[in-house]
Structures are given as C-alpha cells and as structure tokens.
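Down below is the structure, laid out as structure tokens.
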C-alpha cells in the first residue's frame with residue numbers, strides 16, 4: 001500500500017491542531033500507542049496503554065491491532081468503532097458514528113478498505129468484505145458486500161459506479 005503524504009504546513013500548524021482538535025490528538029496518541037505497546041519494556045507498554053485508554057473517553061474505540069494507513073482523517077469529534085482485524089488504506093476520511101465491524105456469516109471476518117475512501121456519518125461497514133479505492137460511502141449507508149473501486153454506496157448496498165467519487169470529500173477535515 002503506497003501512500004502519498006498530505007501537505008505539512010509546519011510545526012506551528014501541527015501543534016495548533018493537536019491542542020484544538022480532539023480527533024487529531026486521539027490519532028496522534030493512537031499512532032504512538034501502536035508503536036509503544038509493542039515495546040519489550042513493560043513500563044512503557046503500561047504507560048502507553050493507559051494513555052490510549054484515557055484518549056478513548058471521547059468515544060473512539062479503535063483497536064490497536066487494526067491496520068490503518070497514513071492520512072486517516074476524522075471529521076468532527078464523536079464515536080468511531082474499528083475492530084482489530086480491520087484494514088483501512090491511506091488517506092481515508094471517516095465521519096461521526098461510523099462502525100467498521102465483524103460480520104459472522106462465515107466466521108468473524110473484518111472489512112478491508114482501500115485508499116482514498118470517504119466514509120460518511122452514521123455509516124456501517126461489516127463483514128469480510130473488500131471496499132475498493134476511491135469509494136464514497138454516503139452518510140447512513142450500510143455496507144455488507146464487496147464494493148468495486150470508483151463507486152458510490154447509498155443506503156443499503158446500492159452501489160453506483162462513478163470515477164474518483166471520493167475525491168471532493170477527502171481533505172475537508174481540520
């Protein structure tokens with residue numbers, strides 16, 4: 001999975017975003033905890049596990065075992081749930097009250113989400129499915145079957161093809 005970096009506007013902008021936006025502060029703690037919880041030092045693991053658990057008070061429930069690419073962006077502060085076996089690609093954007101969870105049709109399988117995917121508010125993606133690149137999942141959508149690249153998902157699995165559907169929605173976060 002190759003990720004292009006989003007623009008970096010400097011250290012001052014980075015510090016401002018960490019202190020002003022709780023969703024960015026959580027992502028910073030999440031990324032550091034993913035690395036530090038694999039440390040051989042039990043004190044380091046314990047400290048970062050506690051920091052990560054404290055950061056979850058805003059409603060973020062993202063497993064440290066989830067594979068998440070660079071550039072994940074949260075729109076607004078609110079609940080997001082991502083299970084441990086889920087994979088999210090690079091430069092994805094998630095709205096509030098999104099669930100990326102297990103499906104139990106053929107065992108407990110988690111979704112694989114491609115690059116540059118916009119997941120709208122109150123959306124659910126469940127099961128061992130694959131969501132392609134450049135997909136727009138509309139607010140309130142329920143997805144439990146594979147979605148090809150370059151599509152829009154509306155409602156309950158209504159899939160419409162559209163080239164680079166997610167592009168206008170990806171960099172709208174803080």
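The values are calculated or read from the model by the stated rules, or taken from the named source; none is laboratory data. Bear in mind that the values here come from a model prediction, so they are computed numbers and not experimental data. A quick note on method: Cβ atoms are made from the backbone with ideal geometry, for glycine too, and the neighbour counts reach across all protein chains shown.
Please note which strands (runs of 3 or more DSSP E) are completely contained in segment 100-165 and include at least 2 residues that are modelled with pLDDT under 95 and over 15 Å from residue 87 (Cα atoms).
Ranges flagged: 151-154, 158-161.
Quick test of your reading of the structure: residue 59 fulfils all but one of (1) at pLDDT 85 or above; (2) surrounded by fewer than 19 Cβ atoms within 10 Å (Cβ to Cβ). Name the failing condition by number.
For residue 59, the failing item is (1).
Filter segment 20-35 down to the residues that are without any contact (Cβ under 8 Å) to a residue 24 or more places away in the chain and more than 14 Å from the chain's Cα centre (by Cα) and list them by number.
Narrowing segment 20-35 to residues without any contact (Cβ under 8 Å) to a residue 24 or more places away in the chain: 28, 31-32, 35.
If the condition is that a residue be without any contact (Cβ under 8 Å) to a residue 24 or more places away in the chain and more than 14 Å from the chain's Cα centre (by Cα), then 32, 35 are the ones that fit.
Given the conditions (1) in contact (Cβ under 8 Å) with a residue 60 or more places away in the chain; (2) out of contact with any helix residue (DSSP H, G or I) (no Cβ under 7 Å at 6 or more places or on another chain); (3) outside the structural domain of residue 113 (by TED's automatic domain parsing), report the number of the one that residue 69 does not fulfil.
(3)
If we scan segment 30-48, do we find a residue that is modelled with pLDDT of 90 or more and in a strand (DSSP E or B)?
Among the residues of segment 30-48, not one is modelled with pLDDT of 90 or more and in a strand (DSSP E or B), which makes the answer no.
Would you be able to say whether some residue in segment 119-131 is over 22 Å from residue 77 (Cα atoms) and surrounded by fewer than 17 Cβ atoms within 10 Å (Cβ to Cβ)?
yes
Quick check: anything in segment 86-98 modelled with pLDDT of 85 or more and exposed (fewer than 15 other Cβ atoms within 10 Å of the Cβ)? Full working, then the answer.
Applying the first criterion (modelled with pLDDT of 85 or more) to segment 86-98 yields 86-98.
Filter again for exposed (fewer than 15 other Cβ atoms within 10 Å of the Cβ), leaving none.
Checked segment 86-98: no residue is modelled with pLDDT of 85 or more and exposed (fewer than 15 other Cβ atoms within 10 Å of the Cβ).
Residues of segment 99-113 being touching a strand residue (DSSP E or B) at 6+ places or on another chain (Cβ under 6 Å) and buried (at least 23 other Cβ atoms within 10 Å of the Cβ), which ones?
100, 111, 113
Filter segment 33-44 down to the residues that are out of contact with any helix residue (DSSP H, G or I) (no Cβ under 6 Å at 6 or more places or on another chain) and closer than 27 Å to residue 77 by Cβ and list them by number.
Applying the first criterion (out of contact with any helix residue (DSSP H, G or I) (no Cβ under 6 Å at 6 or more places or on another chain)) to segment 33-44 yields 34-35, 38, 40-43.
Once the filter is applied, which keeps residues that are out of contact with any helix residue (DSSP H, G or I) (no Cβ under 6 Å at 6 or more places or on another chain) and closer than 27 Å to residue 77 by Cβ, segment 33-44 yields 34, 35.
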